[in-house]
């Protein structure tokens, strides 16, 4: 089998999300040196910042810019992400190398960062048909993913370029308040389950614990796997929300994306991960593995899971609101309101059952 068929691929740029090639070419020649020809395609599957493949002078690079129609903020601050990656790479080499940053919005209409392309397999809603992957390999991949997350939480963040990322004091309280505010700003209708969950989260929130570097969006489709050995993680992508804070909330985000086969079909079919396939760890096993690898107690697993689901629901709602407002024409976003409702219902179910796994 040719492993090239497993590499995450690009496609033509979506309507309304193009990059002005002449301006990019001029900037490229002034900043990175003259190249013969520049071609741009788009990685089509991301849900947040826009990610493009740039072919320049026979080499391949990745360019990231904020989506169209979003307000400035950490979640779309690609320059912050670029500076973070440059500071993090010496201590945590599973990140792309940063090539250049551009803060001149006059070039392509927004700030952007250029980084190396880490070639590999990115697994999303389903495994490639050409990949023979059984339950044993999925268990190994679950273990590799959690070790990668725990490794991040062991990084010494008290170094220049990282320690300025955030204020760890009161992190849990700010996260609950912040995601509640984002929910209220992005609402397009009533979702009673979400309202119930956010009230419960606020009244049951734990105190902030010891701080580490946190990724804040750690899930399978942000991992680049080695096509020759897909149980090995080559790189972690999408660092725009990384900060310094309580690592239990990083675990919570991962739990929010960690779908089990008995979860509602609308979530299993959403395509946010492969964790519903036989062989993957349960959410209970994920928590136990993280505690073992970090030597930290996770605390109340139900609170973590409910917070993770709420956060994922808010992210989906923000994207749906952009679609409703006409800022994106990506057809994948048209049904995200149903996903938001399903995420809220699952969180409410976990609260009632007082457990995180086997909720059916």
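If you average 1/r over all unlike Cα pairs in the range 82-238 and invert the result, what Kirkwood radius do you get in angstrom? By the Kirkwood definition, the hydrodynamic radius is 18.7 Å. Spin-label model, residue 156/residue 187: points 7 Å from Cα along the beta carbon direction are separated by 4.7 nm. Cβ-Cβ distance of residue 335 and residue 207, R₀ of 35 Å, FRET efficiency by 1/(1 + (r/R0)^6): the value works out to about 0.40. Relative to the longest principal axis of the Cα atoms of the chain, helix 21-31 runs at roughly 80 degrees.
Label-to-label distance, residue 292 versus residue 266, with points set 7 angstrom from Cα along the beta-carbon direction: 3.6 nm. For the chain, the spread of Cα positions along the three principal axes, ordered from largest to smallest, is 61, 45, 42 Å.
Axis angle, to the nearest 10 degrees, between helix 192-204 and the longest C-alpha principal axis of the chain: 80 degrees.
Relative contact order of the chain: 18 percent, from C-alpha pairs under 8 Å at least 6 residues apart in sequence. What is the projected area of the convex hull of the Cα atoms of the range 3-116, averaged over all directions, in nm²? Its Cα hull, projected and averaged over all orientations, spans 8.0 nm².
At an R0 of 35 angstrom, the distance between the Cβ atoms of residue 104 and residue 135 translates into a FRET efficiency of 0.10. The convex hull built on the alpha-carbon positions of the range 185-279 has an orientation-averaged projected area of 8.6 nm². Between the helical axis of 283-294 and the longest alpha-carbon principal axis of the chain there is an angle of about 70 degrees. If R0 is taken as 25 Å, the Cβ-Cβ distance between residue 18 and residue 59 corresponds to a FRET efficiency of 0.70. With no solvent and one point on each alpha carbon, what is the Debye value of log10 I(q)/I(0) for the range 153-228 at q = 0.25 Å⁻¹? Computed log10 I(q)/I(0) values: -1.20.
Here the range 281-360 and the range 179-237 have alpha carbon centers that stand 7 Å from each other. Convex hull of alpha carbon positions in the range 275-360: directionally averaged projected area 6.9 nm².
Where a number appears in this text, it was derived from the coordinates with a stated rule and is not lab data. Remember, it's a predicted structure, so these values are computed and weren't measured experimentally. Every residue, glycine as well, gets a Cβ built from its backbone with ideal geometry; the counts of neighbours run over all protein chains shown.
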